[in-house]
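Bear in mind these aren't lab numbers, they're just calculated from the coordinates by the rules spelled out. Quick caveat, the model's predicted, so the values are computed rather than measured. Because the Cβ atoms are built from the backbone with ideal geometry, glycine has one as well, and the counts that use them run over all protein chains shown.
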């Protein structure tokens, strides 16, 4: 009964480093999403996927990449990390594009 | 005009009181509406959907006013555990796009003993 699992929970990166945030869901949901949340701001959509092999850009995709090789996994790749990417990242899945189930988040600091 | 607007608060409310807050949306074609709850440093969790006829779930009542383009959340007999940030979510709905959800910035509620 894991739901949506995100790893790691915390990470500190140096400017220019790269990393992958992992996200996995066990609910067989077709729809998966990556959001970032900055203090006092609403959730902003980075990328989303409507099924294995299909991904699309959201509102703030620059500096990120995703892949969806299986229904379960939806990793988010940060290339050349910048201080502007300091944020809390949430992965979510949905059976119907309306109700989202979120992972517990990754707090990322880029210094 | 912002798509989804909420009063950020904080709303400081004594335990046992009733509190209500609204969320306005700008797109009159919006179809589906939700309230999510987010505890400090935690992920958002779906609290309730908002239906045209209004709906109630225990101490929580959600209302939709399409004419004035806002939804509301009312909490009766508030508990300390109700302290959280409440996020308004609006979508075009009807399966109309996986990227169609818009989140408000949230209203911060603090229930005081």
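Using only the Cα atoms of chain B, each taken as one equal point scatterer with no solvent, compute I(q) by the Debye sum, divide by I(0), and report log10 of the ratio at q = 0.14, 0.16, 0.22, 0.23 Å⁻¹.
-0.53, -0.69, -1.25, -1.35
Could you tell me the calculated FRET efficiency between residue A:96 and residue A:15, based on Cβ-Cβ distance and R0 = 41 angstrom, to the nearest 0.05?
Working: r = 39 Å, r/R0 = 0.96.
Once rounded, the FRET efficiency stands at 0.55.
Can you give the relative contact order of chain A as a percent, counting alpha carbon pairs under 8 Å and 6+ residues apart?
36 percent
Compute the distance in nm between two label points, each set 7 Å from the Cα along the Cα-to-Cβ direction, one at residue B:46 and one at residue B:76.
Modelled inter-label distance: 2.5 nm.
If you average 1/r across every pair of different Cα atoms in chain A and take the reciprocal, what Kirkwood value do you get, in Å?
For chain A, the Kirkwood estimate is 13.8 Å.
Taking only the alpha-carbon atoms of the range B:17-77, what semi-axes of the equivalent ellipsoid follow from 5 times the gyration tensor eigenvalues under a square root, in whole Å, largest first? Mind dumping the intermediate values first?
Details: eigenvalues 78, 44, 22 Å².
The equivalent ellipsoid of the range B:17-77 has semi-axes of 20, 15, 11 Å.
Scale the Cα Rg of the protein assembly as shown by the rule-of-thumb value 2.2 N^0.38 Å and send over the ratio, two decimals.
Details: Rg = 17.7 Å, N = 224, 2.2 N^0.38 = 17.2 Å.
Scaled against compact globular proteins, the figure is 1.03.
If R0 is 45 Å, what FRET efficiency do you get for residue A:22 and residue B:65 from their C-beta distance, rounded to 0.05?
Efficiency, from the Cβ-Cβ distance: 0.60.
To the nearest whole number, what is the average tally of beta carbon atoms from other chains within 10 Å of the beta carbons of peptide A:44-54?
Counting Cβ atoms of other protein chains within 10 Å of each residue's Cβ and averaging gives 2.
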